[in-house]
Amino acid sequence: MKKHLVISALLIFAVIGCQQQQEPKPQYQFPTGPVGAGQPFDKVAMLKEAAAKDPKNVNVWIQLGNIMMDTSRFGEAVEAYQKALELDPKNVDVRVDMGTCYRNIGKPDIAVKEYRKALELNPQHLHAHQNLGVVLAYDLGDHKQAVKEFETALAIAPNAPSAEQLRQEIQKLKAMK
């Protein structure tokens, strides 16, 4: 009898314990209402809408260019970056990103022009030198100028995360002469 009471008590505690541990899981609440009514379908749509409402907002154009670039929509990124540069022509980072987009749509000559414009504004811009070196070396075959750009990048930031890779590229390009 005592044995049954102990077993019954254990079963009751086990059942109560299991019931207490089972908390209802929160369910995901899907947004209600039509898409676009305060709940844009995606960030691109939201940014395009913001740009249409406020075409003088340089930050919206930059964000739109960045998301287009990040999603490999390089032609659309160029368009957004051009709008941003109309509003802020001295934005070196946007100019460098636009140069990279030009390279990715097969226009390395225009990319080089954009990188050089960026370097006129900021001769110490690490990424402009690196990207210019890449385009010169691998798209235009100008190894000598590419080495100069990579060496300049190293002089600007000798301990940058890309420094070792730059050193290797310089050695490789010098060996190709």
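The values are calculated or read from the model by the stated rules, or taken from the named source; none is laboratory data. This structure is a prediction, so every number in the text was calculated from the model and none was measured. Because the Cβ atoms are built from the backbone with ideal geometry, glycine has one as well, and the counts that use them run over all protein chains shown.
Taking residue 44, is it modelled with pLDDT under 90, loosely packed, with under 12 Cβ neighbours inside 10 Å and out of contact with any Gly (no Cβ under 7 Å at 6 or more places or on another chain)?
Values: modelled with pLDDT under 90: yes; loosely packed, with under 12 Cβ neighbours inside 10 Å: no; out of contact with any Gly (no Cβ under 7 Å at 6 or more places or on another chain): yes.
The answer is no for residue 44.
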How many residues are of a type in the set (Phe, Trp, Tyr) and in contact with a Cys (Cβ under 9 Å, 6 or more places away or on another chain) if we restrict to segment 48-106?
2
Report the residue count in segment 111-126 for those that are surrounded by 19 or more Cβ atoms within 10 Å (Cβ to Cβ) and either among the basic types (Lys, Arg) or assigned to a helix (DSSP H, G or I) (or both).
6
Taking segment 134-160 and keeping only residues that are part of a loop (DSSP other than H, G, I, E, B), within 24 Å of the chain's Cα centre (by Cα) and under 18 Å from residue 100 (Cβ atoms), one is left with 139, 160
Checked pairs for segment 101-125, first over 21 Å from residue 71 (Cβ atoms), second modelled with pLDDT of 95 or more and of a type in the set (D, E, K, R), C-beta under 7 Å and 6 or more apart or across chains, list as 108/139; 117/95; 118/95; 121/90
Just checking, does segment 101-108 include any residue being in contact with a Phe, Trp or Tyr (Cβ under 8 Å, 6 or more places away or on another chain) and β-branched (Val, Ile, Thr)?
yes
